[in-house]
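The values are calculated or read from the model by the stated rules, or taken from the named source; none is laboratory data. On a predicted model such as this, the values are computed, not experimentally measured, just so you know. We place every Cβ from the backbone using ideal geometry, glycine too, and count neighbours over all the protein chains shown. Areas reflect the complete protein model, heavy atoms only, side chains present, ligands, DNA and RNA absent. Shrake-Rupley method; radii C 1.70, N 1.55, O 1.52, S 1.80 Å.
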Amino acid sequence: MRRWLLTGSLLTCLAIAVVASGQVRSFVHVFQRAQAGVGPGTAAHVLGYSTLVLHVGAAGTPSFNVHFQGSLDGLNWSLHHCLALTTPTANLPMHTALSTGLWRCNVAGLAFFRTHVTAFTGTTSVTVIGSVLSLPG
């Protein structure tokens with residue numbers, strides 16, 4: 001009996017150590033799918049996550065503004081700065097994407113994140129997909 005208790009205790013300690021070691025958690029979220037006009041995208045629940053990488057893509061050559069927005073309650077939204085990774089303005093914090101590319105956003109402390117198309121001209125569409133990560137440390 002004592003052997004089983006010891007084994008159970010060791011397994012419990014191992015499980016706690018794995019959780020405490022900071023396993024990477026992630027999920028992919030579609031914020032805008034073929035958005036052909038102005039409007040907010042679907043919000044992602046990012047509480048407990050630290051980093052978001054966004055891909056802003058377009059079918060054709062539309063002209064658009066995609067604002068990055070964060071919220072604590074899902075009702076009140078504020079502009080949120082992200083770093084451009086693949087545009088001519090790489091490594092500059094900006095709250096609006098004016099062209100296609102990759103963006104990295106710090107979402108630590110936010111409960112929700114969304115994108116919002118605020119200007120759009122053309123007959124094609126914009127798609128925004130993000131990968132949300134919880135990095136160890």
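Name every residue in the stretch 81-103 that is of a type outside the set (Gly, Ala, Ser), out of contact with any Pro (no Cβ under 8 Å at 6 or more places or on another chain) and open to solvent by less than 40 Å² (accessible area, probe 1.4 Å), in order of residue number.
Those that are of a type outside the set (Gly, Ala, Ser), out of contact with any Pro (no Cβ under 8 Å at 6 or more places or on another chain) and open to solvent by less than 40 Å² (accessible area, probe 1.4 Å): Thr87, Thr96, Trp103.
Just a yes or no: is a residue in the stretch 104-118 over 12 Å from the mean Cα position of the chain (by Cα), open to solvent by less than 20 Å² (accessible area, probe 1.4 Å) and of a type in the set (Ser, Thr, Tyr)?
No: the stretch 104-118 contains no residue that is over 12 Å from the mean Cα position of the chain (by Cα), open to solvent by less than 20 Å² (accessible area, probe 1.4 Å) and of a type in the set (Ser, Thr, Tyr).
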